[in-house]
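Sharing a structure with you now.
The values are calculated or read from the model by the stated rules, or taken from the named source; none is laboratory data. Keep in mind that this is a model prediction, so the values were computed, not measured. Here the Cβ is made from the backbone with ideal geometry for all residues, glycine too, and neighbour counts use every protein chain on show.
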Amino acid sequence: MNILLIAIDTLSARHMGCYGYQRDTSPFLDQVAQENALFESLYCQAIPTQPSFTSLYTGQYAITHGIVAHGTTRQLNEEAPFLSTLLQQHGYTTCAVDNLSSHQEWFTRGYEFYITPRQTGQYAQATPWEAYNARAIPWLKQHKDEQFFMFVHYWDPHTPYIPPEEYRGLFYEGDPTDPSNHSLDGLERHPLGEQWRQWFDQHLMPGITDAEYIRAMYDSEIRYVDNGVRQLLETMDDLAIADDTLVVIFSDHGEMMYKHGIYFDHHGLYDEDIHVPLIVRWPGVTNTGVRIPHLVQHIDIAPTILDIADIAIPQEMEGSSLVPYLTGKSDAPLYPYLVSLECTRQMKWALRTDRYKYILAREKDYCGGPMRELYDLKKDPHEMNNIADQQPEQVRELEAILNGWIAQMMEQNGLTEDPLVAHGLTLGTGWKEWVETHGYW
Ligand SMILES: [Zn+2]
């Protein structure tokens, strides 16, 4: 069976129809999900891009593979298990249509073909899905008779949000430059504010005041990339290989809109940012449509693909195969809770249970957030009301679980210091200077 792995960078599950969003952002993906398997609860154990994709490939927690931050100077251990390498070793023709190679060298491991579509425009992340399909589709036509593993990585929902003109009115009515709207005032005091302002002015229109307009542009990008996935999967139909190809669609992290002092970026361990889609089309197995409510993680994706390909899952992979969920053989939870981390713009850990989210900072938050946050997800699903001060007992209990998990993983990996503190912020360095210069927060 062939394998097609599709990543849509920066796609928050909370902005997709199949996860309950009220806007019709993802009609094709919703249909694929409805007719196949949808995992309702894929949460990121590490954000943003580089830690998350490294976990995807290695099947390991970030604390184990050591890539805890985006933009790190560390290298991934040569011995780490790697999905594409394993598939190549087992006879798959491997191809990535992706630009992660410009981030870190290890993302090219195991690929016979590594195609980086030519960047159109100023930013790699703004290169539209057409550029990826223009490379992926001819490759598929040429190699369709080989057993292949193909990875396609779209970036449309990533900043800067620049949907084609005809998509810009889909989810917005109103005046984006209404002077009485102050929802973007906080940008002036934000380390990313100047950059974001320039992007809005240059690519959308000058003088935007309405944050909801920007949210609508993010949603339009999702609607736009939905067409890219449609074109790629319809090509599989045309080539008569769809029935012999496993399709896995996911995102590496979500996106914050404009809450918690964070603007249109992927930091902050809130659900908007760590809850991402996972859709699996396994011909002959998932055809009846199945929704899996249990918590799963990116570390489970490589073991699942290897299991379906009938390749032994290396001991070093820490995730679990999700095949028992897909075949209906198991309905038992895999994990009692999620531990999540980030060390790029903020240095934080989070513990997410069915009921609570607890976020613990190891260093001052340069967006002005508190050192400890507690949210009751049942009463407050948008995590707007921090109850850490009102519920000290709950904080103690959750912090003990969190610290216990970290200590156990440190011991397992021979670490003597909290890996976030030992690593230090990466992109946060400039933020510290910005905050010092501007005297804000
Ligand atoms: Zn990303």
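Inspect all residues belonging to the stretch 287-307 and state whether any of them is in contact with a His (Cβ under 8 Å, 6 or more places away or on another chain), under 26 Å from Glu255 (Cα atoms) and modelled with pLDDT of 95 or more.
no
Continuing with this model, one more query. Would you mind stating whether Thr94 is touching a helix residue (DSSP H, G or I) at 6+ places or on another chain (Cβ under 9 Å) and either surrounded by fewer than 22 Cβ atoms within 10 Å (Cβ to Cβ) or farther than 30 Å from Glu272 by Cβ (or both)?
yes
I want to confirm something. Restricting to the stretch 244-264 and keeping residues that are part of a strand (DSSP E or B) and out of contact with any Asp or Glu (no Cβ under 7 Å at 6 or more places or on another chain), which single residue is nearest to the ligand (Cβ to nearest atom)?
Among them, the one singled out is Phe250.
Also: I'd like to check something: does the stretch 290-311 contain any residue that is acidic (Asp, Glu) and in a helix (DSSP H, G or I)?
The answer is yes, given that some residue of the stretch 290-311 is acidic (Asp, Glu) and in a helix (DSSP H, G or I).
Under 9 Å by Cβ, and 6 or more places apart or on different chains, what pairs join a residue from the stretch 1-17 that is among the polar types (S, T, N, Q) with one that is within 15 Å of the ligand (Cβ to nearest atom) and assigned to a strand (DSSP E or B)?
Listed by first residue and then by second, the contacts come to Ser12/Met256; Ser12/His275; Ser12/Val276.
Could you tell me which residue of the stretch 268-308 is nearest to Ile359 (Cα to Cα), considering only residues that are small (Gly, Ala, Ser) and surrounded by 19 or more Cβ atoms within 10 Å (Cβ to Cβ)?
Gly268
How many residues, within the stretch 270-293, are touching a strand residue (DSSP E or B) at 6+ places or on another chain (Cβ under 6 Å) and more than 27 Å from Lys259 (Cα to Cα)?
8
Condition first: assigned to a loop (DSSP other than H, G, I, E, B) and more than 23 Å from Thr54 (Cα to Cα). Now tell me which residues in the stretch 337-361 satisfy that.
Within the stretch 337-361, the subset assigned to a loop (DSSP other than H, G, I, E, B) is 337, 344-346, 353-355.
Scanning the stretch 337-361 gives Thr353, Asp354, Arg355.
Hey, another quick one. Please pick out the residue among Glu173, Glu188, Glu146 that is of a type in the set (D, E, K, R) and outside any loop (DSSP other than H, G, I, E, B).
Glu188
Any residue at all in the stretch 266-289 that is over 19 Å from Leu338 (Cα atoms), within 16 Å of the ligand (Cβ to nearest atom), in a loop (DSSP other than H, G, I, E, B) and in the same structural domain as Val152 (by TED's automatic domain parsing)?
There is no residue in the stretch 266-289 that is over 19 Å from Leu338 (Cα atoms), within 16 Å of the ligand (Cβ to nearest atom), in a loop (DSSP other than H, G, I, E, B) and in the same structural domain as Val152 (by TED's automatic domain parsing).
Okay, next question. Within the bounds of the stretch 104-115, is there any residue that is surrounded by 15 or more Cβ atoms within 10 Å (Cβ to Cβ), within 16 Å of the ligand (Cβ to nearest atom), part of a loop (DSSP other than H, G, I, E, B) and in the same structural domain as Glu255 (by TED's automatic domain parsing)?
yes
Inspect all residues belonging to the stretch 201-223 and state whether any of them is of a type in the set (Phe, Trp, Tyr) and crowded, with 23+ Cβ neighbours inside 10 Å.
Taking every residue of the stretch 201-223 in turn, at least one turns out to be of a type in the set (Phe, Trp, Tyr) and crowded, with 23+ Cβ neighbours inside 10 Å.
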